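Working notes for the structure below.
The values are calculated or read from the model by the stated rules, or taken from the named source; none is laboratory data. Keep in mind that what you see is a predicted model, and the values were worked out from it rather than measured. For neighbour counting, all protein chains shown are included, and Cβ atoms are generated from backbone atoms with ideal geometry for every residue, glycine included. Note: accessible area is taken over every heavy atom of the protein model, side chains too, but ligands, DNA and RNA are not part of it. Shrake-Rupley method; radii C 1.70, N 1.55, O 1.52, S 1.80 Å.
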Amino acid sequence: MSHIVLGIESSCDDTSAAVIRDGYLLSNVIASQQVHKDFGGVVPELASRAHEQNIVPVVSEAVRKAGIEVADIDAVAFTRGPGLLGSLLVGTSFAKALGLALDKPIVMVNHLHGHILANFIRQADKPVREPSFPYLCLLVSGGNSQIVKVSSPLEFEILGQTIDDAVGEAFDKCSKMMGLGYPGGPVIDRLAKEGDPLRFKFAKPHIPGLDYSFSGVKTSLLYFVRDEMAKDPDFMEKNKEDICASFQKTLIDILMDKLIKAARQTGIKEVTIGGGVSANSGLRDRIQLEGAKRGWNTYLPEFKFTTDNAAMIAIAGYYRFLAGERTPLDVAPVSRMSDF
Ligand code: KG4
């Protein structure tokens, strides 16, 4: 029997809807909000207002592109959290209303599970290549840096996580500090390609176990740029490619050291990455390189599934739906999700 799941994602500044039939993607529509550009970051109130404007046309477009009727939907999966409460409220309320109107179940999804399961989004025109269980996922985004052991589409265990900033925050804050713009990850990634990653050295943290820390390396860059600029006000402009390449290499070294340790400790050789920072070209190259040396099977999500999208919510919701999960209509969104 065929199952069609509509996914809805509205946790931050992208309004997205996707349709999946039996694990295969039929449509994935994303409306990225432009209203935040002048503010150097997402403005929560503007985000929720934009979601309100976008949600109906985005869902209609996803249904139309999928070539289905709205009545064909078997379940509505939606992001319950973590994220911005006002933004989540729009997607959650819409999912409830649609479920009620169609008399179909709704299924809540942890946004992070979506990122972790992004490699399971099947596409009719692409070969299927999925990690087998258990696998490790390096989950790296603007809000998270974690190593997660995934034992099934419903079972996740955090082996290590950041004790302060997320790696995406380190990219974003340092880019802002260097006057390179927001979001910092893509800008630093682009400039790093032109620079020498071995030219400058930044402090690496010494944190026990599999946890991460990124606040020290951020401070190390801050002091370095400040001191050099005092000597030469054009230092940043003259050296930005090498600074970005060296800084990015330091962040990737930190991420990879613990991931390698986790693989060694668990004996797991199936390794994936997920979240916004998994779009980073240096990280993608490095994980493949280190993986090849160690006999890992590595899986990188397509670029379009690294940033926030509803396809990943639909696939995570699809597995929950198949497992019999149903979410009551009195569910409320949550900005943080403690039960992983
Ligand atoms: O998962 P995501 O889209 O959203 C949340 O964290 O909610 O991740 C956004 C993060 C930002 O910090 C952004 O700078 C980073 O992903 N990012 C990148 C790249 N593209 C996006 N970081 C490094 N390199 C990139 N190419």
Can you pull out the residues in region 3-30 that are outside any strand (DSSP E or B), within 16 Å of the ligand (Cβ to nearest atom) and either small (G, A, S) or closer than 20 Å to D125 by Cα (or both)? S10, S11
Of the residues in region 56-84, how many are open to solvent by 60 Å² or more (accessible area, probe 1.4 Å) and either among the basic types (K, R) or not assigned by TED's automatic domain parsing to the domain that holds I106 (or both)? 2
Filter region 65-110 for residues that are out of contact with any strand residue (DSSP E or B) (no Cβ under 9 Å at 6 or more places or on another chain), more than 16 Å from the ligand (Cβ to nearest atom) and not in a loop (DSSP other than H, G, I, E, B) and give the result. A71, L89, S93, A97, A101
Which of the residues spanning region 294-314 are part of a helix (DSSP H, G or I), within 16 Å of the ligand (Cβ to nearest atom) and within 23 Å of A75 (Cα to Cα)? F305, A310, A311, M312, I313
Given the conditions (1) under 22 Å from A166 (Cβ atoms); (2) surrounded by fewer than 22 Cβ atoms within 10 Å (Cβ to Cβ), report the number of the one that L329 does not fulfil. (1)
Among the residues of region 253-293, which ones are near the ligand (Cβ under 10 Å from one of its atoms) and part of a helix (DSSP H, G or I)? G276, V277, S278, A279, S281, G282, L283, R284
Condition first: modelled with pLDDT of 95 or more and in a loop (DSSP other than H, G, I, E, B). Can you find one or more residues in region 45-64 that meet it? no
Do you know which residues across region 166-209 are open to solvent by 20 Å² or more (accessible area, probe 1.4 Å) and under 19 Å from I147 (Cα atoms)? E169, K204, P205, H206, I207, P208, G209
Pull up region 156-213, narrow it to residues that are small (G, A, S), within 16 Å of the ligand (Cβ to nearest atom) and part of a loop (DSSP other than H, G, I, E, B), then point me to the one that is nearest to I116 (Cα to Cα). A166
Note on region 1-26: residues of a type outside the set (K, R) and open to solvent by 10 Å² or more (accessible area, probe 1.4 Å) are M1, S2, H3, I4, C12, D13, D14, D22, Y24, L25, L26
